[in-house]
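Read through the structure below, which is laid out as structure tokens, and then see the notes.
The values are calculated or read from the model by the stated rules, or taken from the named source; none is laboratory data. Note that this is a predicted model, so its numbers are computed, not measured. Neighbour counts are summed over all protein chains in view; Cβ atoms, including those assigned to glycine, are modelled from backbone coordinates with ideal geometry.
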Amino acid sequence: MKNLLKTSAAALALTVAANAAAAEGKLVVYHWFEYMPAELLEKFTAETGIEVTMDTYDSNEAMLASLKAGALGTYDVAVPGDYMVSIMAGEGMLDTIGDGELANKGNIAPEWADPAFDPGRASSIPYQWGSTSFAVNTAAYSGEINDTSILFDPPAELSGKINMLDSQGEVMALASLHLGIPQCSTDRDLLKGLNAMLQDAKGHWASFNSDTAKEVMVSGDVDVGMIYDGFAAKARAEKETLKYAFPAQGYVVWMDNVVLLKDAPNRENAIKFMDFLLEPENIAAVSNYARYAPGVTGAADHLDPELATLPEANPTPGSGAGVFIEVCDEQTQAVYDQIWTNVKK
Amino acid sequence: MAAVNDNIKSYTGFKAITILCLVVLYAPLVIVTIYSFNASKSITNWEGLSLYWYYDIFAGPESAKWKEAAWNSFTIAIVAATMATSIATLAATAMVRGGKFKLRTASFGLISLPLMVPEIVLAVATLIFFNSIGFTRGYFSILVAHTAFCIPFAYLPIQARMQGIEDSFEQAAMDLYANKRQAFTKILLPLMMPGIISGFLLAFIVSLDDFIITNFVKGAGVETLPTAIFGSVKQGLKPNIMAISTLLLGVSVVMVTISYFVSKKDNTQ
Amino acid sequence: MAAGAASGGSATTDTYASARNLLLLPSWVILGIFVLAPVIMMLIYSFLTKEFRGGVIWQFSLAAYDQFFFDRGLFGDEPAKIEWTYINIFWRSTWQAGAATILSLLIGFPTAYFIATREESVRPIWVFLITIPYWVNLLIRTVSMKFLLRDEGPLNDFLMSTGLIDSPIHIINTNFAVQLGLFYSYLPFMVLPIYAAVERYNFSMSEAAADLYASKWVTLRRIVLPAIKPGVIAGCILVFVPSLGSFLAPDLLGGAKNFMIGSLIEEQFKGNAGNWPFGAAASMVLLSMVLIILMIFARQQSKADKAEG
């Protein structure tokens, strides 16, 4: 029976795929590349009869641009990161989930039930969360790695062997932690200092790669790489000398969230999808696939045992606090944009 | 022409450069082909010969996606390249054989415009434009966008070819009471064929390759091969993607071989 | 007429003058609606006020062009100086694209020439041999190129095993890697137009030159090259212009350390900056730059035509 369902679902997908218009039993998801196991989508379709169409993006900002250019109203849900949720809410791109609409809302882990980026979870549910810092090839460097100086003021043997994420928000946040200054500073001297520090640091960097952050480390192109924790875990599986750092100055924490988009053509199905992802077993399947942490109570029971003990997911003693990327106002952001342009000019 | 002795035509070193050129073109693809038969999931380790990834793309969980993407890619590339080549051939005839006219430079500018605008700009602009005129995004919007930006790639080889053809042939035909249409189809078109084929091939590969514009104008749920593979390839090559690439190479080689034998048969008849 | 054709210059005639509007109509319509209209919209956008995080506010503003050409310091309140940042980015991109074009020409011209002088029946096979690799997506080709070139990659392994080199040649994340990537991205765009032109070339002219004791290389330069000039120009345009705005090869092979025009513009639309008017303005500057280059080409071309009369 399940096979029959699968086959007919696939046939249906082929015949109607060209037409993404709203219809009964459909759901259009705007998602990151490779962030959801195909089996889980099949399970959703088998349980609800809802046919899922998936469209993908490769950065929060690319998704925002596409929605702003007019794609809003064609998707039901998207999966923005924490700061992007507040940006999208500010832009009026999110719909509010009514009280009692989500049957499983109570499953959201208490620490994620009222985040600053979406108070009261008005429009979103947790998807996955993790951290961003950097990994070091301990075969090439045996010193202390839990220090942001590794990136911004590296020892001689690591200079020229560093890959940075090609992501303004994350680089700026770590740089601010390195200097111990606020993320959205308006203090001119602090900003000038940040600009100068990054200009010096740039000379030590080999490349800016986000998508291949894992690959450049595994292949030995670089010995230090800014990287997400789940990505670092996958990298360590391929090269065991790679060690993920939890710097004493602090590191970046992020959470991706499933949001209900404004003008969703299949709003009811979107709610069903969110409920589905709040089932501990389902969201755990995502974690087992992506190697990040869920934000749902009870999901831990369904996780791969090794996920709980991943060194990348468990900060070492003495590490600084994890911080979210902050959303600056327009005028402040303009200065940070200018600093970033200076880094890459 | 056939009487010209080959010694005058050939230059020392050109053959070596051609071979070097082919080596550079094919070396990365050899890697792709070899690793598509790798049993391992990772490109960095070789774990023995396997056809698993071919099985995976035909029968794995994503097989429907690959088939649909391949179908969309090929039909769009063939139709868009055909339309672009036809439009470009007509335009080149007007530009090269249409005498001097006021809008000549402007027309040339318009035809080369898709080349000059960075793809991302054309992508965003087209998306906003399609939305403002209420043009639904989907298969058809990709087709139209591809046709438009393929035109200069088809046009330039055709124009270059036509500029090298003396019009004495057509004049002679018309002196013999052929009308312009006949002079065009019977004389000029056959002479232009190498240019037209070059133009078509360029338009075809440009359409087959396009990611940026397609990604913006495609709409949810319609995938072409580049949009279907882009995300996973950016994080490093995966064996199933390499298997798809190898299959594409295989198909192209088969098509070339068939067309070779067909044309050979035509010649001998 | 005969002289014009023999020299291979553009044999512009007016055989189809009466039908030319009809012949041009399809390209005007398609390009007018689906390329020109969006571009005009971008031109308008470049003169609008930016909306924070992408989008525009419909209010006239020169801020985008001001940002491009004038430097007002980190906080935007210092007296205006000339802004070199973006000019440098444009210069770097032009230089890279130019080097890639020259590389493509140096390899592509002999290749096209060699193919065009094969037996007529096998020429299509050679042409297809050049295009077959392009059935595989550009991204895949670029990524596998990167795999091949890296310090511990197959190329260095091979060279070291043969004893030709002692330590790996460092290619990845250099300018040369970017040029190689651009060359690899666009080579057929150079080869095919030149091939189509050489294929048409009348080799009895080379023979005549040889009879007059011209050396072969002199013949190539003085007789063949002028005759196939339109093909060479078409090839150079088709490689240079797309290279100028590309960002895949610079990002993947060059390490994305420095903005190229393509990545600078991309960043404005789908990066953190989200400054659409500035992205539009940078595109318009790029567009005018390319237009000027093409016009210079076209003018020289028509001058040459006139001279040959």
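A few points about this structure:
- C:Trp84 within 10 Å of another protein chain (Cβ to nearest Cβ) and either hydrophobic (A, V, I, L, M, F, W, C) or under 30 Å from C:Trp217 (Cβ atoms) (or both): yes
- Unmet requirement for B:Ala77, which otherwise passes all of (1) out of contact with any helix residue (DSSP H, G or I) (no Cβ under 8 Å at 6 or more places or on another chain); (2) crowded, with 16+ Cβ neighbours inside 10 Å; (3) of a type in the set (A, V, I, L, M): (1)
- With respect to (1) over 30 Å from A:Val28 (Cβ atoms); (2) touching a residue at least 40 places away in the same chain (Cβ under 8 Å); (3) surrounded by fewer than 24 Cβ atoms within 10 Å (Cβ to Cβ), the lone exception for A:Met217 is condition (3).
- Residue in the stretch C:245-268 that is away from chain A (no Cβ under 14 Å) and either over 30 Å from A:Gly70 (Cα atoms) or out of contact with any His (no Cβ under 6 Å at 6 or more places or on another chain) (or both) present: yes
- Matching residues, the stretch C:94-152, being free of Cβ contacts under 8 Å to residues at least 12 places away in the same chain and among the polar types (S, T, N, Q): C:Ser121, C:Asn137, C:Ser144
- In this structure, A:Met88 does not satisfy being free of Cβ contacts under 8 Å to residues at least 60 places away in the same chain, crowded, with 21+ Cβ neighbours inside 10 Å and away from chain B (no Cβ under 14 Å).
- Among the numbered conditions (1) in contact with a strand residue (DSSP E or B) (Cβ under 6 Å, 6 or more places away or on another chain); (2) free of Cβ contacts under 8 Å to residues at least 12 places away in the same chain, the only one that C:Asn275 does not meet is (2).
- Scope the stretch B:227-269; condition crowded, with 16+ Cβ neighbours inside 10 Å, among the hydrophobic types (A, V, I, L, M, F, W, C) and modelled with pLDDT of 80 or more; matching residues: B:Ala228, B:Ile229, B:Ile241, B:Met242, B:Ala243, B:Ile244, B:Leu247, B:Leu248, B:Leu249
- Scanning the stretch A:41-65 for residues that are more than 13 Å from A:Phe276 (Cα to Cα) and without any contact (Cβ under 8 Å) to a residue 24 or more places away in the chain gives A:Glu61, A:Ala62, A:Ala65.
- Selection from the stretch C:27-67 of residues that are facing chain B (nearest Cβ under 10 Å), crowded, with 24+ Cβ neighbours inside 10 Å and touching a strand residue (DSSP E or B) at 6+ places or on another chain (Cβ under 8 Å): C:Tyr45
- Matching entry among A:Thr53, A:Thr45 (being assigned to a helix (DSSP H, G or I), β-branched (Val, Ile, Thr) and at pLDDT 85 or above): A:Thr45
- B:Gly199 vs. criteria touching a Pro at 6+ places or on another chain (Cβ under 6 Å) and touching a residue at least 60 places away in the same chain (Cβ under 8 Å): yes
- When residues in the stretch B:156-179 are screened for being within 17 Å of B:Ala94 (Cα to Cα) and in a loop (DSSP other than H, G, I, E, B), 5 of them pass.
- Among the residues of the stretch A:172-192, those identified as assigned to a helix (DSSP H, G or I), at the interface with chain C (Cβ under 10 Å from one of its Cβ atoms) and either touching a residue at least 12 places away in the same chain (Cβ under 8 Å) or surrounded by 21 or more Cβ atoms within 10 Å (Cβ to Cβ) (or both) are A:Met172, A:Leu191.
- The set of residues in the stretch C:212-242 that are more than 10 Å from chain B (Cβ to nearest Cβ) and among the charged types (D, E, K, R) comprises C:Arg221, C:Arg222.
- Spans of helices (runs of 4 or more DSSP H) in the stretch A:273-345 with at least 3 residues buried (at least 18 other Cβ atoms within 10 Å of the Cβ) and touching a residue at least 24 places away in the same chain (Cβ under 8 Å): A:280-290, A:330-344
- If the condition is being at the interface with chain B (Cβ under 8 Å from one of its Cβ atoms) and more than 21 Å from the chain's Cα centre (by Cα), then the stretch A:60-74 contributes A:Ala69, A:Gly70, A:Ala71, A:Thr74.
- Residues within the stretch B:187-203 that are at pLDDT 85 or above, more than 9 Å from every other protein chain (Cβ to nearest Cβ) and touching a Phe, Trp or Tyr at 6+ places or on another chain (Cβ under 6 Å), tallied: 1
- Residues of the stretch A:194-206 that turn out to be within 11 Å of chain C (Cβ to nearest Cβ) and touching a helix residue (DSSP H, G or I) at 6+ places or on another chain (Cβ under 7 Å), as a count: 3
- Some residue of the stretch A:134-151 being within 19 Å of the chain's Cα centre (by Cα) and within 24 Å of A:Ala173 (Cβ to Cβ): yes
- Being of a type outside the set (Lys, Arg), without any contact (Cβ under 8 Å) to a residue 12 or more places away in the chain and farther than 26 Å from A:Met172 by Cα is true of A:Glu268.
- Matching residues in the stretch B:136-160 - criterion: being surrounded by 24 or more Cβ atoms within 10 Å (Cβ to Cβ) and modelled with pLDDT under 85: B:Ala160
- In this structure, A:Lys262 does satisfy being closer than 30 Å to A:Val28 by Cβ and of a type in the set (Lys, Arg).
- From the list B:Val222, B:Val206, the one residue that fits, being in contact with a Gly (Cβ under 7 Å, 6 or more places away or on another chain), under 30 Å from A:Trp32 (Cα atoms) and either in contact (Cβ under 8 Å) with a residue 40 or more places away in the chain or within 9 Å of another protein chain (Cβ to nearest Cβ) (or both), is B:Val222.
- Filtered residue count, the stretch C:206-250, keeping only those that are charged (D, E, K, R), over 20 Å from C:Ala116 (Cβ atoms) and in contact (Cβ under 8 Å) with a residue 12 or more places away in the chain: 0
- Of all residues in the stretch C:74-92, none are touching a Gly at 6+ places or on another chain (Cβ under 7 Å), closer than 21 Å to C:Leu180 by Cβ and not hydrophobic (A, V, I, L, M, F, W, C).
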